[in-house]
Amino acid sequence: MENRADISPPTSEEVIRQLTEQVAALKLQVAWYEEQFRRAQQKRFGASSEQTHPDQLTLFNEAEAEADPKAPEPTVETVTVQRRKKAKGEREAKLANLPVETIHYTLDETEGVCPDCAGPLHAMSTEVRRELKIIPAQVSVALHVRHVYSCRCCEQTGMRTPVVTAPMPAPALPGSLASPSMLAHVIHQKYVNSLPLYRQEEQFRQWGIDLSRQTMANWLIAASERWLVPLYDLFHTKLLAQDHVHADETTLQVLREPGRSAQAKSYLWLYRTGRGAAPDVVLYDYRTGRGSEHPEAFLTGFTGYLQTDGYSGYARLKGVTQLGCWAHARRKFHEAVQATPPAQRAQTAAAEGLALCNALFEVERRWKEATAEERHAARLEESQPILDRMAAWLEGQRARVLPKGLLGTAITYCTNQWPKLTAFLQDGRLEIDNNRSERAIKPTVIGRKNFLFSNTPRGARASAVLYSIVETAKANRLKPEAYLQYLFEQLPQLPNLQDATALEKLAPWSPALPITCRLF
């Protein structure tokens, strides 16, 4: 049995050391809570933009780099704000592609006399006022009457009477009231304008039409499954043939998934081609989870560069070079800066990390319009030194910051993602961030706020296909509603929906599309 007399009381030095360690740990904990509080306040009340004012956070040698003793001191006149003058004919250029209705205002015979001498007036000049005129939507009924013919002579003398029926285009949805224009309108309102079906139902009611949301939902699913899936598969083939793809994913709630609760999270995965790709393709893929098996299945056969936000679910892909996202890295430093008291922000390590990220983006801005070869050379000359400097800076900061703090999180993210974050140096076609996919997935996020959920897996799959069609149309500078109407007019007339040549003529990048589908 242990003898309590052998246990000596702690010395005063040990007590002081223990208390000092406790105080230090508590200080770190309080600092973390203060940082989280400031971050929450910034998210709640602050500006959502991540833009950094050029004078707020700069690189370490701003004074030496920007100083110019020969620069003249500005006078009051040179500091005044210069208002941009509207270019001559700018308004006319904006209206050039719109139809024009000309309304003339003239004097009748009794008014066309001189008020002084009562002599006849002649036209001297005109005054013109331009206005934009809106024509509200109108709904009408198209009655398709198909005439059937027979031969009078054969009716009287022949053994049989031939019957000839006039040709008529096949309908988009047989047995339905949905015309190509109606389908295109409902899809455009939901997937481009993010207008839920229940609000469209109310809008139709105001126009005097009793059209239920259930009917419209059935239309969307049937149109997607019957006509658009083959086109979606063509888009998929085109995407896999590229050597640079962006990917992202977002949550989606589906209420009636077999074997899953209504609260379970499903996912809408996004894949789109890289900058300058021809054709430009945007695809969405509905899946029940976020596991790595989903991108593995969708990207089977793809080899090349894959750009993501760093999510580990893409790491198992074979034959793929992973690219990171500097926008995500920068955002983490920006959050760390915003969680710092305003008076201290410019002198913090977080500000130094943010400034280094800004320097990389500044190189990209300067060479945005350059060729891929020019951009590649500029990155090796200008971006590589910044990256070398940041790598050394990250290594020096790792031992100084709280790992679970915002700055520690930013540093850990950059350190873990470093091979992916520097891979953009390999090719001038590659992008420094994954914003291209984030922009493409934003319409689905906005739509999700309005729709709240999908009812069934069939509806979720139809939404993925419909989003793919409209977003690919937008990426190829088409008018989505006009393009959808053209598709629903042409696809039902094809004898074989698996005919790749016929589908290629209807693709958003096809030169055979009518001018009415194109943006000017």
Fill in the blank from the handout: Scanning segment 435-453 for residues that are open to solvent by less than 20 Å² (accessible area, probe 1.4 Å) and in contact with a Leu (Cβ under 8 Å, 6 or more places away or on another chain), the one modelled with the lowest pLDDT turns out to be 444
Handout entry: So residue 248, is it closer than 26 Å to residue 312 by Cβ, among the acidic types (Asp, Glu) and not in a helix (DSSP H, G or I)
Key = yes
Exercise for the section: Look at residue 505 and say whether it is within 16 Å of residue 185 (Cα to Cα), surrounded by fewer than 20 Cβ atoms within 10 Å (Cβ to Cβ) and at pLDDT 95 or above. Expected result: no
Exercise for the section: Test each condition in (1) at pLDDT 95 or above; (2) in contact with a Phe, Trp or Tyr (Cβ under 7 Å, 6 or more places away or on another chain) for residue 243 and report the one that comes out false. Expected result: (1)
Completion exercise
Wholly inside segment 348-428, helices (runs of 4 or more DSSP H) that include 2 or more residues that are over 29 Å from the mean Cα position of the chain (by Cα) are 349-366, 384-397
Problem - Matching residues in segment 243-273 - criterion: being closer than 20 Å to residue 478 by Cβ and open to solvent by less than 20 Å² (accessible area, probe 1.4 Å) - result: 270, 271, 273
Fill in the blank from the handout: Matching residues in segment 291-315 (open to solvent by 60 Å² or more (accessible area, probe 1.4 Å), in a loop (DSSP other than H, G, I, E, B) and out of contact with any helix residue (DSSP H, G or I) (no Cβ under 6 Å at 6 or more places or on another chain)) number 3
Completion exercise
Picked from segment 330-346 (must be among the polar types (S, T, N, Q) and crowded, with 18+ Cβ neighbours inside 10 Å), the residue farthest from residue 310 (Cα to Cα) is 340
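Would you mind stating whether residue 235 is touching a residue at least 12 places away in the same chain (Cβ under 8 Å), part of a helix (DSSP H, G or I), of a type outside the set (A, V, I, L, M) and farther than 29 Å from residue 432 by Cβ? Break it down stepwise before answering.
Working: touching a residue at least 12 places away in the same chain (Cβ under 8 Å): yes; part of a helix (DSSP H, G or I): yes; of a type outside the set (A, V, I, L, M): yes; farther than 29 Å from residue 432 by Cβ: no.
When the stated conditions are applied, residue 235 does not pass them.
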Fill in the blank from the handout: Taking segment 107-157 and keeping residues open to solvent by 90 Å² or more (accessible area, probe 1.4 Å) and outside any loop (DSSP other than H, G, I, E, B) leaves 120, 148, 149, 152, 156, 157
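For segment 93-106, give me the residue count where each residue is open to solvent by 80 Å² or more (accessible area, probe 1.4 Å) and either outside any loop (DSSP other than H, G, I, E, B) or not hydroxyl-bearing (Ser, Thr, Tyr) (or both). Lay out the reasoning, then the answer.
Keep residues of segment 93-106 that are open to solvent by 80 Å² or more (accessible area, probe 1.4 Å), which gives 94, 97-106.
Those left that are additionally either outside any loop (DSSP other than H, G, I, E, B) or not hydroxyl-bearing (Ser, Thr, Tyr) (or both): 94, 97-101, 103-104.
Going through segment 93-106 one residue at a time, the tally reaches 8.
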Problem - Yes/no for residue 484 being more than 24 Å from residue 287 (Cα to Cα), buried (at least 21 other Cβ atoms within 10 Å of the Cβ) and out of contact with any His (no Cβ under 6 Å at 6 or more places or on another chain) - result: yes
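The values are calculated or read from the model by the stated rules, or taken from the named source; none is laboratory data. Here the structure is a predicted model, which means the values were calculated and not measured. Heads up, the Cβs are rebuilt from the backbone with ideal geometry, glycines too, and the neighbour counts pull from every protein chain shown. The protein model used for the area step is the full one, side chains on, heavy atoms only, and it has no ligands, DNA or RNA in it. Shrake-Rupley method; radii C 1.70, N 1.55, O 1.52, S 1.80 Å.
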